[in-house]
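This report concerns only the one structure given below.
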Amino acid sequence: MTDGKFTGEVVGFVPIKRQTFRYTAAVLRMSQKTAFMATIATLNRPYVFLTGATGLVGGLVLARLLSFGLPVAVMVRGHRKQSASERVASLMQRLEGRFGQLFTRPVVLDGDLVSPGLGMSPGDREWIAKNCDSVIHSAANLLFRPAVDHPENEPYRTNVEGTRQLLELMTSAGITEWHYVSTAYIAGLRSGRILEGEFDVGQEFGNDYERSKLMCEQLLRSSSSIHSLTVYRPSIVIDLQQKASIRADKTIDSAFAMFKALSQRFGLPEQGDWFRRLGFSGNERKNIVTVDWVSAMIVQIYRRPALHRQTYHLTSPTGTSVGELEGGFRAAVVDGGVKLPEGRIEVPALFNEQAAPFVAAFKPYFKDDPVFDRTNITNAMGVCGESELANLTVGALGDFYRQQAKPTVPVTQPSLPSSVWDSFVAVTTRGDLASNVVAFNAAAKHDRHLLGLELVGAGGGQWLLEESASGWLAIVGWPGSASIRFVVSAETMSRLTDRALSVHLAIEAGLIVLEVDASDDGVLTRGETSNIDAAIERFARLIAEVQQTAKQEVLKSEVANVH
């Protein structure tokens, strides 16, 4: 602050609702009126509702949204081995390892596209309506085999009916901004130049997956409840960081798996022989893109409303030839330690028989790709300052699949120990998100007593915290009502609750960051920091309450053990 006026640099591209300033130790000197430079951070941050977070594209989209400080709510289904929350906890560990940074945890909503009503509780639906203002729909079933051969009519059940159910939920929640991850291959069997603005021109399809994705686009484009629809059409997506992969596109991976299996059985084929047996010349070009580039472009476009309401081909400018693919496959098998027979075994009939399932499912996908128009995406790259996608070389493909050729050792994700903060939240949080909404509505009437907390790292999340005469209330999610919010890493929170560090020392050391709404005249007046000091003291009382809760839990445990 200089002469009582805020100065700063604007970051972020979400619609401005109110200005927020960030303070670090250099700013916060208890009871001192220190001159400082403030930075405008995020602005009344509503949540983005994300589907497909456990998939390849969706997982990296989640990480990139969080890296920009955007709060995210994810819909994830639990399964027999892990609950929805446990799946997201494991996912976040992998993403943090991949990106080398800690992330705030998303709000996890247990739901499933193929369940009636998405399997969501009324409380979760109410929370979405209160906190979310946009949706990124990335979830999809990627099966290529005919739907008539699937007992549940996949991929139509997930891709079309699931999208229809999601549209109903978003409509009832009043969410009108959509970002839909489609596919460039809604072009079907067309050739020539495919414009980004085209979608249904009566094309034929190579498989039901392509047809189902076009049907989804038709459903969303015809909806009167969607006021802004942005469509992203990636081509074949691969993850060059194989060991950090979440769940890869099966098109190229399945081709390599078949090449590897047949090589182990019949011997390494001569260069070009494998694809020729499948009916290819080797000159056909496939459009392959990396998930890092695709996810970066989706999030960069999402952050800029001026780029919305367009369709983007997330495609390579040149593509990769089938011959180059086979060259990468060969290099991976030769150098990857795959055990091969001593000589090539010529059994064409048996080879063709074992290759038949792959050919039936994937041959339409391996035809020569059309030329995908990239006018919109090229413009977006210029606006966002993103680099062009690099061409995939035989060497890069060989390195990628060489990792896949090596024997894999199953990795068991360690379970995260419960923290003192977890125990406190369990005691002070209402039972479901519906109760949280009710509690928020009541607390918002006297929001000067509210604190916001963003906990970054394992076990993290966002909470609105209310202090009253009867104790503390922790409200899941971040409605944005608190004028002062604390950003803390999970490690720092652990040190605070274990009494290894005080709140004041943590602030002085820069381990706690405060976000303050500049639009709230009661927070800062003519440079005075009294309200910030009061908020810090409330936060210190919160930590003391957490410590007391932990002490009581230990005493209860000791008593239970005695009896």
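The values are calculated or read from the model by the stated rules, or taken from the named source; none is laboratory data. If you're wondering where the values come from, they're calculated on a predicted model, not measured in any experiment. All Cβ positions, even for glycine, are placed from backbone atoms using ideal geometry, and neighbour counts span all protein chains on display. Side chains are part of the model used for accessible areas, which takes the heavy atoms of the whole protein and leaves out ligands, DNA and RNA. Shrake-Rupley method; radii C 1.70, N 1.55, O 1.52, S 1.80 Å.
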Looks like the stretch 103-157, by Cα gyration tensor root eigenvalues a ≥ b ≥ c and the a/c under 1.5 rounded cutoff (else prolate when a/b is bigger than b/c, oblate otherwise), is prolate
For the stretch 86-147, whose charge dipole is built from +1 on Lys and Arg Cβ atoms and -1 on Asp and Glu Cβ atoms, the candidate among GLY97, GLY117, ALA140 with its Cα farthest towards the positive end is GLY97
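So which of LYS81/LYS551; LYS260/LYS286; LYS213/LYS286 end up more than 29 Å apart, counting from Cα to Cα?
Values: LYS81/LYS551 32 Å; LYS260/LYS286 20 Å; LYS213/LYS286 19 Å.
Check vs 29 Å cut-off fails for LYS81/LYS551.
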Quick shape check on the stretch 67-171: root eigenvalues a ≥ b ≥ c of the Cα gyration tensor, a/c under 1.5 is rounded, otherwise prolate if a/b tops b/c, else oblate, and it reads oblate
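Show me the ranking of peptides 218-224, 458-464 by mean Cβ neighbours inside 10 Å, starting with the highest. Please report the intermediate quantities before stating the final value.
Numbers: 218-224: 13.9, 458-464: 22.0.
So the peptides 218-224, 458-464, ranked by packing, come out 458-464, 218-224.
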A student asked for the Cα radius of gyration and Dmax of the stretch 169-279 in angstrom ought to give 18.9, 59
Ranking VAL108, GLN82, TRP127 by how far each Cα lies towards the positive end of the charge dipole of the stretch 71-138 (+1 on Lys and Arg Cβ, -1 on Asp and Glu Cβ), the top one is GLN82
Under a 1.4 Å probe, counting only protein heavy atoms, VAL334 has an accessible area in Å², nearest 10, of 90 Å²
With a ≥ b ≥ c from the Cα gyration tensor eigenvalues, square-rooted, and the rule rounded for a/c under 1.5, otherwise prolate when a/b > b/c and oblate otherwise, the stretch 122-230 is oblate
Here the gain from full extension of LEU505 to ARG265, 0.36 nm per residue of separation minus their alpha-carbon distance, amounts to 79.9 nm
Among PHE259, ILE226, LEU167, the residue whose Cα sits farthest towards the positive end of the charge dipole of the stretch 147-283, when +1 is placed on the Cβ of each Lys and Arg and -1 on the Cβ of each Asp and Glu, is PHE259
Regression test value, accessible area per residue of the stretch 130-276, probe 1.4 Å, units Å², expected 38 Å²
